[in-house]
Amino acid sequence: MSSAEGLPLQRVPKHVAIIMDGNGRWAKAQGLSRLEGHKQGAKRLRDVIQWAKDAGVKQVSLYAFSTENWKRPKLEIAGLMTLLATLLPLEVPKMQEKGARLLILGDISKFPWLARRALDKAVQATKNNTEIDVILCLNYGGQQEIVDGVKSFYASFDDEQTRAKAFSELTPETLYKFLGRDDILPVDLLIRTGGEKRISNFHLWDAAYAELYFTDTNWPAYSEQDLIAALQDFAHRERRFGKTSEQVQAGDRDE
Ligand code: FPP
């Protein structure tokens, strides 16, 4: 039985995005290396997929490596890449059991070959699973994603005249189609662990209307109760998408 029971299903976010912060501080407090913090963080990542699935969440996206994380010490970057290459193959059978499909958001072309191979294999092996999507955000940055979308839009025209006309008529809805997020639902709830209160370039487009939730718990110590608390909090939010509370309560959001 899941402790998520009691949450009305229509109030469960479909897409939960998590900034898994606090691995380093958690490790320091335990007298451990930063890499040990990331290792423990990777274990929580596995747990959170199960907890989210039990709660009825359909997609979980996890900020595992940002476009800015290349600025970290080389040894820490190498450690993260090694973690990815060694732990991911062990996760695949567990993802199959859970019916979890792995998707990647971000450009992994600069990742070491072993990490890329592990990712490609895991994506292939889990592609037909339908219970929950696990979206690993790797070398991902929201600003870069939007820049790439603009470039794709530009490149989609053969002649200058059509391009100029389309550009003058460009809307957010049109540009969104070029962001490469076809399989990805809008983020409903964005959680950041580790006490900081910022978005750090994660899911910038969807941050427009995602509900934000910040917790002081460091990621390696994150528990099912922490996730349930965030889901409970979300269930009590009123999402207005620019409308008035009265309009929302009258149920006309989709008119
Ligand atoms: C933030 O904590 C965490 C990261 C930048 C990496 C997240 C990685 C994992 C959870 C492990 C799984 C890894 C992969 C690549 C799948 P921090 O290091 O910024 O913590 P601090 O703010 O306390 O220093």
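Read-outs: derived from the displayed coordinates by stated rules, not from any lab. A quick note: this is a predicted structure, and the numbers were derived from the prediction, not measured. Using ideal geometry, Cβ is built from the backbone for each residue, glycine included, and neighbour counts are taken over all protein chains shown.
Mind checking the full-extension length gain between Lys243 and Ala78? Use 0.36 nm per residue of separation minus the Cα-Cα distance, one decimal, nm.
Values: separation 165, 0.36 × 165 = 59.40 nm, distance 4.71 nm.
Roughly 54.7 nm would be gained on extension.
Along the Cα→Cβ direction, 7 angstrom out, place labels at Phe167 and Trp70. What is the inter-label distance in nm?
Taking the two extended label points, one gets 2.6 nm.
Roughly how big is the stretch 171-248's charge dipole about its Cα centre, with Cβ charges of +1 (Lys, Arg) and -1 (Asp, Glu), in debye to the nearest 20?
Here the size comes out at about 280 debye.
How would you order 159-170, 218-229 from highest to lowest mean count of nearby Cβ atoms within 10 Å?
Working: 159-170: 10.4, 218-229: 19.9.
Result, highest mean Cβ count within 10 Å first: 218-229, 159-170.
Rounded to whole Å and sorted largest first, list the principal axis extents of the Cα atoms in the stretch 9-132.
In descending order, the Cα extents are 42, 32, 24 Å.
Tell me the label-point distance for the pair Phe157, Asn128, using the 7 Å Cα-to-Cβ offset, in nm and rounded to one decimal.
Spacing of the two 7 Å Cα→Cβ label points: 4.3 nm.
To the nearest 500 deg cm²/dmol, what mean residue ellipticity at 222 nm is calculated for the chain from DSSP H runs of n ≥ 4 alone, each contributing -39,500 (n - 2.57), summed and divided by the residues?
-14000 deg cm²/dmol
Mind listing the phi-derived Karplus ³J(HN,Hα) values for the stretch 41-46, rounded to whole Hz, using 6.51, -1.76 and 1.60 with θ = phi - 60°, and x for any glycine or proline?
x, 5, 5, 5, 4, 4
Report relative contact order for the chain in percent, whole number only (criteria: Cα-Cα under 8 Å, sequence separation at least 6).
That works out to 28 percent.
Sorted by packing (mean other beta-carbon atoms within 10 Å per residue), highest first, where do 235-247, 46-58, 177-189 land?
Going by the mean number of other Cβ atoms within 10 Å, highest first, we get 46-58, 177-189, 235-247.
Based on Cβ point charges of +1 for Lys and Arg and -1 for Asp and Glu, what charge dipole magnitude is obtained for the chain about its Cα centre, in debye rounded to the nearest 20?
Rounded to the nearest 20 debye, it is 980 debye.
From the P(r) of the chain, can you give the percent of Cα pairs sitting at distances over 29 Å?
Roughly 34 percent, rounded to a whole number.
Modelled label-to-label distance, Ser200 and Asp233, 7 Å Cα→beta-carbon offset: nm?
In this crude label model, Ser200 to Asp233 measures out at 1.6 nm.
Could you size up the charge dipole of the stretch 1-94 around its Cα centre, putting +1 on the beta carbon of Lys and Arg and -1 on that of Asp and Glu, and report it in debye to the nearest 20?
Here the size comes out at about 140 debye.
From the phi angles alone, apply the Karplus equation (6.51, -1.76, 1.60; θ = phi - 60°) to the stretch 19-26 and give each ³J(HN,Hα) in whole Hz, x where the residue is Gly or Pro.
Values per residue, Gly and Pro as x: 8, 8, 9, x, 4, x, 5, 4 Hz.
Can you tell me which of 68-75, 136-143 comes out highest on packing, and rank the rest after it, using the mean Cβ neighbours within 10 Å?
Details: 68-75: 11.5, 136-143: 20.9.
Highest mean packing first, the order is 136-143, 68-75.
If we restrict to alpha carbons, what Rg and Dmax does the stretch 1-72 come to, in Å?
Computed over the Cα atoms of the stretch 1-72, radius of gyration and Dmax are 14.9, 43 Å.
Report, to two decimal places, the Cα Rg of the stretch 165-221 normalised by 2.2 N^0.38 Å (N = number of residues).
1.48
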